[in-house]
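Working notes, beginning with the structure itself.
The values are calculated or read from the model by the stated rules, or taken from the named source; none is laboratory data. If you're wondering where the values come from, they're calculated on a predicted model, not measured in any experiment. Here the Cβ positions follow ideal geometry from the backbone for every residue, glycine too, while neighbour counts run over all protein chains shown. Just the protein is used for accessible areas: all its heavy atoms, side chains included, with ligands, DNA and RNA removed. Shrake-Rupley method; radii C 1.70, N 1.55, O 1.52, S 1.80 Å.
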Amino acid sequence: MTPLEFDQKHLWHPYTNVEKPGPTFVVKETEGMHITLDDGTKLIDAMSSWWCMMHGHRHPKITQAIHDQLDRMPHVMFGGLTHDPAIELGKALLRVAPPSMQRIFYCDSGSVSVEVAMKMAVQYQHAKGFPGRSHFATIRSGYHGDTWKAMSVCDPTTGMHHLFQGALSVQHFVDRPPIRITEAWNDDPALNGLGDLRALIEANHREIAAFILEPVVQGTGGMYFYHPEYLNQARAICDEFGVLLIFDEIATGFGRTGKMFATDFCSIEPDILCLGKALTGGHISFATTMTNDRMAEGIGNGEPGIFMHGPTFMANPLACAAARASLELLEAQDWHGTVNAIATQMTQELAPARDLPNVADVRVLGAIGVIEMKHRVSADEAHALAREMGVFLRPFGTNIYTMPPFIASPDEVSKICAGMLHLARVL
Ligand code: PMP
């Protein structure tokens, strides 16, 4: 059995049928912008390996930080103990995060950070005398992870809620905000989506702990960029009815949108903020749930007086060291200028796609470039075609998109855009 045959027989890949595995390629190594396959094919990673690898693969500063930490202490439990990597990362996070986000819970992955956020919201409401507030409001087309509670607030159609009926908590959904970030804001609640949100919260607030959503950019649910004013006004509606606000910035955090956090497009801050993906520059799985003093005090003063979560690998020192190194790299560079330059180039070079008959929309926000097709595209077909052009692209749904690492050179950005245009022409 070759290694690939073993893989195809025994290993499940994301969203696949292990009985009928699709085409899979063995990666030999990664470096900077590139993924090298075992046959020597070198591909530009236009996906930043599912949006995490913002400084490129195997960045020497991050791998060095992991090596150094590995030699001292790969792991130690966080119960009753603490360590420098956790503390120094905490300081770095407070330097960049929205100012009210003063309390930090470290966890293992994005989905877990969403679980933690939802649990924080329920515990806070319970502590404040509202034990009935154990459900959530959210917008359609969202994505928050694949664990049960996170899944319950993912889009009901793409999240296959009918399949998991009975197992998933039933949540409250409103349509996604209809006004895009590039459009003029309209104060009419019947047209800006806030009328529906108010109606939903007004009717159900006695059972809603929090309103959870991806601020400004809906990622997996459609690469949709909406107007931040929706969030400012949603905050006011939440406050009026005692509903908490959770921002899931797992995909948008750390400069991806052209702001450090998508929250920075707004004049408000959430009660709870989820971060993951690019937190370690994509080098190790890690995430965090941040919250404000009011939440921490509320949870601490309620029953049972502690926050009921504590994973085995909480604050893993290797992950903390990687995340600190990644944040320091980000802070030391003109990431804003870099992301803007990538955005400007993608805007120019993806524009010709607008004239293609099967293209519904072309949009760019920060280092996110999207060609939305009128039909669904096959990820495997797209991958095969892009591979011939030296680019790794893996579209989903109707979207051919890129989130390149910030180290992408103008030439590499051009190759990515050419690959995307090629897919939009032939698929
Ligand atoms: N929230 C958002 C907005 C995401 O994009 C993702 C991952 N794509 C998650 C949560 C889940 O993160 P993870 O895959 O690390 O569990």
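A few comments on the model shown:
- Charge-dipole axis of segment 205-276 as Lys and Arg at +1 and Asp and Glu at -1 on Cβ define it, positive-most pick from Q233, S267, T220: T220
- Residue ranking by accessible heavy-atom surface, 1.4 Å probe, largest first, among D334, D71 comes out as D71, D334.
- Using the Cβ-Cβ distance between K128 and L81 with R0 set to 35 Å, the FRET efficiency from 1/(1 + (r/R0)^6) comes to roughly 0.65.
- Among the chymotrypsin sites (Phe, Trp or Tyr not before Pro) within segment 292-374, not one is in coil by DSSP while having at most 10 neighbouring Cβ atoms inside 10 Å.
- For E115, the accessible surface of its heavy atoms amounts to roughly 40 Å² (probe 1.4 Å, protein chains only, rounded to the nearest 10).
- Given a 1.4 Å probe and the protein chains as shown, R324 ends up with an accessible area of around 80 Å².
- Top positive-direction residue, dipole computed over the chain with Cβ charges, set T338, A46, G366: A46
- If the segment from E29 to L356 were pulled out straight at 0.36 nm per residue, it would be longer than the present Cα-Cα gap by 114.1 nm.
- Listed residues E214, E202 arranged by accessible area, highest first, probe 1.4 Å: E202, E214
- Surface calculation, 1.4 Å probe, protein heavy atoms: D84 sits at approximately 100 Å² accessible.
- Cα centroid separation, segment 359-386 to segment 49-106: 33 Å.
- Accessible carbon and sulfur surface of the chain relative to its total accessible area, %, 1.4 Å: 55 percent
- Estimated [θ] at 222 nm from DSSP helical runs (n ≥ 4, -39500 (n - 2.57)) normalised by residues in the chain, nearest 500: -11000 deg cm²/dmol
- Probe 1.4 Å, accessible area per residue of the chain, Å²: 43 Å²
- Pairs spanning more than 26 Å between alpha-carbon atoms, out of K277/K415; K61/K277; K20/K374: K20/K374.
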